[in-house]
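*Asks:* Next up is a structure, given as structure tokens.
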Amino acid sequence: MRHLDRSQKSALASMAEVLYPEDAAEPILARPVRGALMEWLTEIWATKELDEVGLKPRSRALFFGPPGTGKTTLAHHLAARLGLPLVVARADQLVTKYLGETSENIAKLFKAVRDNGSPVVLFLDEFDSLASKRTSGSSGADSERNHTTNTLLQRLEAHDGTVIAATNLADDLDQAIWRRFEIQIEIALPGHGERKLILKRYLAPYTLSPDAISLLAEALDGASPALMRQWCEGIKRNLIIGPKAGWNMERDAVIERQLASVAPHPDLQRPRLWDRGIRDPAIRNLAWPPERGKAGG
Ligand SMILES: Nc1ncnc2c1ncn2[C@@H]1O[C@H](COP(=O)(O)OP(=O)(O)OP(=O)(O)O)[C@@H](O)[C@H]1O
Ligand SMILES: [Mg+2]
């Protein structure tokens with residue numbers, strides 16, 4: 001099978017960003033979510049056997065949940081498990097203010113995926129901006145939105161390959177579109193167990209005691225994985241750069257600098273750590289500086 005490789009100039013590359021299997025990372029997700037995904041993958045791998053009994057694997061999945069929880073990362077990881085590139089089409093690249101043009105762009109995108117010559121997984125990001133609820137209003141904007149949603153319905157129905165859509169605003173989606181997805185998976189904020197794993201992953205090669213990790217995971221209740229990653233990487237950057245730059249490297253100084261430079265979006269829940277800062281028990285009990293293990297472990 002010929003794949004869309006990095007050197008290939010395809011019609012697709014001009015409309016969307018292409019992410020390759022070798023660059024994918026596995027997100028840390030709650031067990032039921034991992035189970036649902038494994039079930040889907042197993043089904044796609046069994047395409048031939050299913051075909052023999054007149055069935056097709058499900059090909060359309062919708063991921064919904066707050067920003068920074070790993071929807072894009074997960075789509076990339078899934079495509080990689082299938083050995084396929086992920087074609088990321090963002091709504092803002094498709095939606096225009098010119099009458100009918102958004103629908104044309106959607107049609108062109110699906111056609112480019114179909115004509116590509118080798119299979120890809122299509123990822124429709126910011127999907128709520130494309131597939132908002134249809135309305136009965138008669139303004140130009142209403143009919144344009146209804147036209148776009150109808151085009152999307154038809155293209156999804158007619159499309160043969162795997163399609164994943166993602167949104168932070170599931171409530172805004174048109175119900176008929178929602179039903180067109182055979183799998184709907186909520187990617188929620190991580191629980192305590194996942195937060196511990198996320199902290200360990202993004203602090204590595206620095207290590208903390210299990211108690212310290214657990215206390216930090218409590219103080220970060222409500223944080224998205226993306227925010228946790230930024231915070232952990234900020235601490236690591238400080239540990240490396242700070243001494244060279246002559247910064248104060250005492251624990252409270254480093255933590256305060258990090259909490260001031262990274263913050264949750266104002267619309268999202270504010271984890272305890274940002275309110276209590278260095279007075280938080282997770283920080284007061286934190287052995288400093290963190291031990292540094294072997295790279296990669
Ligand atoms: N569940 C997770 N496990 C590990 N890392 C994660 C997870 N979720 C997000 N990240 C990290 O956070 C960053 C942002 O994640 P990603 O873009 O996948 O989130 P998203 O849900 O698609 O966000 P948005 O809704 O803003 O598009 C990535 O660098 C990723 O590595
Ligand atoms: Mg995303």
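The values are calculated or read from the model by the stated rules, or taken from the named source; none is laboratory data. Values in this document were obtained by computation on a predicted structure and should not be read as measured data. Don't worry about glycine lacking a Cβ; one is built from the backbone with ideal geometry, like all the others, and counts go over all protein chains shown. What goes into the accessible areas is simple: the full protein's heavy atoms, side chains included, and nothing from ligands, DNA or RNA. Shrake-Rupley method; radii C 1.70, N 1.55, O 1.52, S 1.80 Å.
*Asks:* Can you list the helices (runs of 4 or more DSSP H) found entirely within region 140-224 that contain at least 1 residues being more than 16 Å from ligand 1 (Cβ to nearest atom) and surrounded by fewer than 16 Cβ atoms within 10 Å (Cβ to Cβ)?
*Replies:* Result: 140-158, 175-180, 210-219.
*Asks:* Tell me which residues, restricted to region 25-43, are open to solvent by 30 Å² or more (accessible area, probe 1.4 Å), within 17 Å of Ser59 (Cα to Cα) and touching a residue at least 60 places away in the same chain (Cβ under 8 Å).
*Replies:* Ala36 - this is the single residue of region 25-43 that is open to solvent by 30 Å² or more (accessible area, probe 1.4 Å), within 17 Å of Ser59 (Cα to Cα) and touching a residue at least 60 places away in the same chain (Cβ under 8 Å).
*Asks:* Here's something else I'd like to know. Among the candidates Ala16, Ala91, single out the residue that is touching a residue at least 40 places away in the same chain (Cβ under 8 Å) and open to solvent by less than 20 Å² (accessible area, probe 1.4 Å).
*Replies:* Residue meeting the stated conditions: Ala16.
*Asks:* On the given criteria, is Leu273 under 21 Å from Ala204 (Cα atoms) and in contact with a strand residue (DSSP E or B) (Cβ under 8 Å, 6 or more places away or on another chain)?
*Replies:* no
*Asks:* Going by the conditions given, is Leu109 within 16 Å of ligand 2 (Cβ to nearest atom) and buried (at least 20 other Cβ atoms within 10 Å of the Cβ)?
*Replies:* On the way: within 16 Å of ligand 2 (Cβ to nearest atom): no; buried (at least 20 other Cβ atoms within 10 Å of the Cβ): yes.
Judged against the criteria, Leu109 is not a match.
Each row is one residue, and each column tells you yes or no for (1) at positive phi; (2) more than 21 Å from the chain's Cα centre (by Cα).
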position	(1), (2)
Leu55	no, yes
Ala61	no, no
Gly70	yes, no
Arg114	no, yes
Phe123	no, no
Thr135	no, yes
Thr151	no, yes
